[in-house]
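Read the structure below first, then the notes.
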Amino acid sequence: MYYISFFSLLLFVLVSVGFFTLLERKVLSYMQCRKGPNKLGVLGLLQPFSDGMKLFMKEQFFPMNSNYVIYMVCPVFSMIQSLFIWVIFPYYVNCLEMGLGFLFFLCCSSLGIYGLMICGWSSNSVYSMLGCIRSISQAISYEVSLSLILLCFFLMVDSYSFNSYYNFQFPLWMNGLSVPIFFCWLSCSMAESNRTPFDFSEGESELVSGFNVEYGGGGFALLFISEYSSIIFISMITCVIFLGADLCSLTFYIKLVLMCFLFIWVRATLPRYRYDKLMYLAWKCYLPLSLNYILFFVFLKTLCFYHFFL
């Protein structure tokens, strides 16, 4: 049962990545008053499978001065890292019973930096090297705020497990306690997953395509899958922490789709941020806010204990 649940989870994640790309292309097209993919299948529903076949059937090319072995292994490492986090997805009976799910998430998400770093370095291209330097500094900066926000909710729930959050949020969603930090979390999540308006590692206007500029065909497809599966997982964690965590309900997955739609909506609406302002936002705005919220939650928890023991 362990292997069946694990492989079915991976299959569903990969299919959801494909249809997430279709959703993104459809939403962006309608927001820009044009048609999206609509030729392949009914309403273009077979387009993700066609794109996947096209990418994996393309000829693989190798830059002359690249570090060949690392250049080839790096996209596989990035995809495994992004799919490996999904083993802590809280089933009714978990694929992997883990009481330290959030710590595992932080460890695995921090490993994603190595994928970007090695991709940028092994390609031996100036554009990819600049993209990887940008993405490393950005990811490390925003991981600090992201970890502190998670620490706030650990102080309230007293558990690192995903399953504990449903019982705690049964009377009131966490979002009711902390609307400002919810928007701070959304912004940090977009910066962590290299999405617009913080897509500096893939800045098309100045870096051609950033760290993945030398990748095409199968290597690009693997990097693409890793990025979009991370976005879906971050959307799922947002629903678990802030929006009720009722994992056995259909409404949870509707909220998950709406969170994914929010990522697309922001991409269609906002231009790219300026890099110095991005760093200012991380260290001068989000870090003090998350530290103050830790003090607020400590005070709230102390107040709850005081009333409980009285």
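The values are calculated or read from the model by the stated rules, or taken from the named source; none is laboratory data. None of the values given here were measured: they were computed from a predicted structure. We place every Cβ from the backbone using ideal geometry, glycine too, and count neighbours over all the protein chains shown.
Results, tabulated for the structure shown:
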quantity	calculated
Residue ID - nearest to ILE241 (Cα to Cα), chosen from residues in the range 140-160 that are polar (S, T, N, Q) and either outside any helix (DSSP H, G or I) or in contact with a Phe, Trp or Tyr (Cβ under 9 Å, 6 or more places away or on another chain) (or both)	SER159
All positions within the range 153-167 that are touching a residue at least 40 places away in the same chain (Cβ under 8 Å) and over 15 Å from LEU295 (Cα atoms)	SER159, TYR160, SER161, PHE162, ASN163, TYR165, TYR166
Residues that are under 24 Å from the mean Cα position of the chain (by Cα) and closer than 24 Å to ALA268 by Cβ, drawn from the range 46-61	GLN47, PRO48, ASP51, GLY52, LEU55
Residue among SER137, SER66 that is in a helix (DSSP H, G or I) and either farther than 21 Å from MET279 by Cα or modelled with pLDDT of 80 or more (or both)	SER137
Odd one out for CYS33 among (1) modelled with pLDDT of 85 or more; (2) assigned to a loop (DSSP other than H, G, I, E, B); (3) in contact with a helix residue (DSSP H, G or I) (Cβ under 8 Å, 6 or more places away or on another chain)	(3)
Some residue of the range 55-73 being buried (at least 19 other Cβ atoms within 10 Å of the Cβ), β-branched (Val, Ile, Thr) and farther than 30 Å from LEU247 by Cα	no
Of residues in the range 208-257 being free of Cβ contacts under 8 Å to residues at least 40 places away in the same chain and over 30 Å from VAL76 (Cβ atoms), the one surrounded by the most Cβ atoms within 10 Å (Cβ to Cβ)	LYS255
Matching residues in the range 22-42 - criterion: being among the hydrophobic types (A, V, I, L, M, F, W, C), under 25 Å from the mean Cα position of the chain (by Cα) and surrounded by fewer than 16 Cβ atoms within 10 Å (Cβ to Cβ)	LEU28, MET31
Qualifying residue in the range 210-221 (condition: modelled with pLDDT of 80 or more and either in a helix (DSSP H, G or I) or of a type in the set (Lys, Arg) (or both))	yes
Yes/no for GLY115 being surrounded by 13 or more Cβ atoms within 10 Å (Cβ to Cβ), small (Gly, Ala, Ser) and over 25 Å from the mean Cα position of the chain (by Cα)	no
Checking ILE234 against (1) in contact with a Cys (Cβ under 8 Å, 6 or more places away or on another chain); (2) closer than 23 Å to GLY120 by Cβ, the condition it does not meet	(1)
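For (1) among the acidic types (Asp, Glu); (2) within 16 Å of the chain's Cα centre (by Cα); (3) at pLDDT 90 or above; (4) closer than 28 Å to GLU202 by Cα, each residue gets a yes or a no:
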| site | (1), (2), (3), (4) |
| --- | --- |
| GLY244 | no, no, no, no |
| CYS248 | no, no, no, no |
| PHE252 | no, no, no, no |
| THR269 | no, no, no, yes |
| ASP276 | yes, no, no, yes |
| MET279 | no, no, no, yes |
| LEU287 | no, no, no, yes |
